[in-house]
Each structure stands twice: as C-alpha cells, then as structure tokens.
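In what follows, a single structure is set out as structure tokens and then discussed.
Read the figures in this text as sums done on the coordinates, not as results from a lab. All values derive from a computational prediction rather than experimental measurement.
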Amino acid sequence: MGILTNCSKNEDFGTIITESATEVMVNPMSNEAFAMGNFVAGAHPTSGKASVNSDKTVLTFKDFKTDNGPKLLVYLSTNSSAAEFINLGDLKGIEDDFTYSIPANTDLIKYKIVNIWCVDFSVSFGHAELKK
C-alpha cells in the first residue's frame, strides 16, 4: 500500500491511499470493454479513445495524440482537476496506442476520469470520462 499526494493550482493538497500497481499479463485488445471514453482537450489539444478491459486490469489508449510537455503522467482520477487520483505512471508517448496496468481493486466508478496530468504546471493536458 502507498500514499500519493498531489498539489493543485490553488495549492490545496489532496491525498489518497492506493494499492501498489502490479503488471498484469492480459490481452489488452480484447473486444469486450468494461468502460470507454473519448479524450477531450484540456490545457492542450488531446484526442483518441480510452478503454478498460472487462477484467478491469488494463487501460488502453487507441489513436491517442497530445502535445509534448514536461513530466506527463496518466492518472485515473475523480475529476479533471485530479483532486483524488491513482497514478498509472509516465505517459508512454504523445501519439500512438498504449496500455497501462490498473491496480487491483481500483474503483472505476469513483476513478472514472483518465487524465493526462502535467506535474510541473498542475494542469490536465486532456482527459476522457470512462462510461459503461
């Protein structure tokens, strides 16, 4: 178990407790999806699709594209301002298809926003809302 802390634009601090992520070996391109959403622009143009497989273990980006920036992370968050979030790691690239492991027992009803978060400027480059 770990504790993650973030700082928003207004200097308020948010803290969440999360299970450690472990790599899960599954077929991320399964035709069945638990939830899906389209990326929309935030501080920068961002597009593509996000989906979670039916086992709720893998987040997949399809036809993803955003701008380059300093320290971009992928968050599952409660809202687009990342008040509460689970860090899935560094953004793997600014254009392509990517997969990320989702920690076991993640509540995807609560953490339904996929956020491309710029740590240095505390802004969302773009986000997708996961819907069933």
Long-range amide H partners of LEU88, meaning residues 5 or more apart or on another chain whose placed amide H is closer than 5 Å, are VAL74, TYR75, LEU76
Principal axis dimensions, segment 35-129 - Cα atoms, whole angstrom, descending: 31, 27, 19
Whichever lysines have a C-alpha closer than 24 Å to that of LYS49, once near sequence neighbours (fewer than 8 apart) are set aside: LYS62, LYS65, LYS71, LYS92, LYS110, LYS112, LYS131, LYS132
